[in-house]
Amino acid sequence: MILLGIIFTGCVFRFSFPGAIPNGLFCDEAARGYDAYSILNTLRDHNGDFLPLFTRAFGEFPPSTYTFLAVPAVAIFGLNEFAVRLPAAVAGVLTILAAYWLVKECFNRKTALVAALFLAVSPWHIQFSRTAFECILFPLCFVSGVLFFVKAFKREPNYLILSALMFGVSLHTYFAARVFVPLFMTGLVVIFREFLWEHRKRSLISFIVFMSIFTVLLVFWLSPGGTSRAQAVGLTFDLKRIFLNYLKYFSPSYLFLSGDANLRHSILNTGQLHFLGLWTIPAGIAGVVLGLKKKTHRIFLLWLILYPIPAALTTEGAPHAIRSIIGAPLFPVFSAVGCFVLLGLFRRRIAKAIFISGISLIFLFNVAGYAKSYFYDYPKYSTGWWQHGMREAVEYAENSRYKNVILSDKFNQGYIFLLFYAEYLPSRYQLGLKQGGKYSFGKYRVGSIERPIKVDTPVLFILRPDEMKKIPKGYEGRVVHVVRDPRGYAEMVLVEIRA
């Protein structure tokens, strides 16, 4: 019953208003959704590639795993924000269950329940369980791989094959897995070398399973498309810089106070973890270190040491919550262990009761404050980060009398929103794409207000407010609709242009 309550709590935080919070749909999310819609209808993504393992998205080639998972949701619920974000919410809840089973295997049921509860309400994990970013699949697959490995060590060696499979699948979820998973598996081999040698036949089969997946992906990673992500984020080989970046991921400011500065990755004045962890996590790390005689405990220390490495290798100095997302399910484990370590410091029953009451009140205060900040405040001030207003603008254009609609090229990857919200037929778009019509389809096109097209009928321009002053001489502009954010500020201006 307690576990069901925790899962219910996790569901509340992940399934409440997913289409409305975050308030808007980022272009990467819209691309995942429209690609799912395109695959559903044509078996090709919107670029015309047949069931691609990697989709071409704005100069990068992310894995298609999330897109394929979104296909059933789009088929059932239609092309909308809820359907696109649904796989993330489901993956988030499944990760809570996987983490519970893993901690139960390595510690005990009470610790597992507390760890699952902390993960269920973790700001870091909730943030990405509500957005259509493929990174949320990485913790689920990785934790499942660790779980099967522990089961193989403690019970049935045949689980090694499932573990290798899940580690292999995790490589196909997010870019950071390419670095983290091979490093982690190398550590596992060192720690459990005697066990793996004892069961070398199953270990060999598992190795073949993993390498079969790894080799196929490696071929792509070494191609120009596969290296595009590394070029985009910028890799550094400066050891001093890598070390300084690495340390930032253990900073109390990042973990407990301010979090990632990008408001798509975090919310204002909130760390990646609840403030309670400032005490429980160090105690938990100490507890795990003291228990290193148990090999399963060493897994978590290895995980902790390696978790920042993929993010630390980039040139970006500020901590990045997505690139370090594999830490999201780890810290709740340390926090849970820490609760019992701290509880063990008290001998008398009354002292234990006071400690439990105090830590419960702090926890409830943290969670209530976070819920208020995320569900009430965040939708108001974060709209600019989520490209809010695109739905309203495109729906107005769809229902209008205008036969020519031009979206300003100042909007980030604006064309994908025209395709998404207009539910433009993928087959028709793919046909036009062959004729060079990536940014021009149907009555829509992407262009500049500084170079209006010459047509006999009025043209509807979707502009940023500051572009109104750029209407060229000889053209008359009339505002027909204004898209505003929740605070009343104009985000987009729909203008009728006549020659």
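The values are calculated or read from the model by the stated rules, or taken from the named source; none is laboratory data. Model, not experiment: these values are computed from the prediction. Cβ: placed from backbone, ideal geometry, glycine included. Neighbour counts: every protein chain shown.
Among the residues making up the range 195-207, those that are of a type in the set (A, V, I, L, M, F, W, C) and surrounded by 11 or more Cβ atoms within 10 Å (Cβ to Cβ) are F195, L196, L204, I205, F207. Considering only residues of the range 165-194 that are over 16 Å from V143 (Cβ atoms), among the hydrophobic types (A, V, I, L, M, F, W, C) and modelled with pLDDT under 95, which is surrounded by the most Cβ atoms within 10 Å (Cβ to Cβ)? Selected residue: F175. Go through the range 5-35 and report how many residues are within 17 Å of the chain's Cα centre (by Cα), more than 30 Å from A115 (Cα to Cα), in a helix (DSSP H, G or I) and not charged (D, E, K, R). Looking only at that region, the number is 4.
One line per residue, one yes/no per condition, for (1) touching a strand residue (DSSP E or B) at 6+ places or on another chain (Cβ under 6 Å); (2) within 30 Å of R487 (Cα to Cα):
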residue: F355; (1), (2): no, no
residue: V367; (1), (2): no, yes
residue: S373; (1), (2): no, yes
residue: P379; (1), (2): no, yes
residue: W386; (1), (2): no, yes
residue: A393; (1), (2): yes, yes
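Looking across the range 136-180, the residues that are more than 20 Å from T314 (Cβ to Cβ) and among the charged types (D, E, K, R) come down to K151, K154, R155, E156.
If you check T67, T95 for being over 26 Å from G414 (Cα atoms) and part of a helix (DSSP H, G or I), only one passes: T95. V495 meets the conditions (1) more than 33 Å from the chain's Cα centre (by Cα); (2) closer than 30 Å to F50 by Cα; (3) β-branched (V, I, T) in every case but one. The failed one is (2). Of the residues in the range 102-130, how many are buried (at least 24 other Cβ atoms within 10 Å of the Cβ) and among the hydroxyl-bearing types (S, T, Y)? Counting residues in the range 102-130 that are buried (at least 24 other Cβ atoms within 10 Å of the Cβ) and among the hydroxyl-bearing types (S, T, Y) gives 2.
For the range 103-156, the tally of residues that are polar (S, T, N, Q), in a helix (DSSP H, G or I) and closer than 27 Å to S64 by Cβ stands at 3.
Looking across R155, R178, one residue alone is free of Cβ contacts under 8 Å to residues at least 12 places away in the same chain, basic (K, R), assigned by TED's automatic domain parsing to the domain that holds A98 and out of contact with any strand residue (DSSP E or B) (no Cβ under 7 Å at 6 or more places or on another chain). It is R155.
The residues in the range 405-441 that are surrounded by fewer than 18 Cβ atoms within 10 Å (Cβ to Cβ) and under 26 Å from P465 (Cβ atoms) can be counted, and the count is 6. Just one of the listed residues (P310, P319) is modelled with pLDDT under 95 and within 28 Å of F148 (Cα to Cα), namely P310.
Within the range 276-312, restricting attention to residues that are assigned to a loop (DSSP other than H, G, I, E, B) and under 22 Å from the mean Cα position of the chain (by Cα), the residue that is farthest from P329 (Cα to Cα) is P308.
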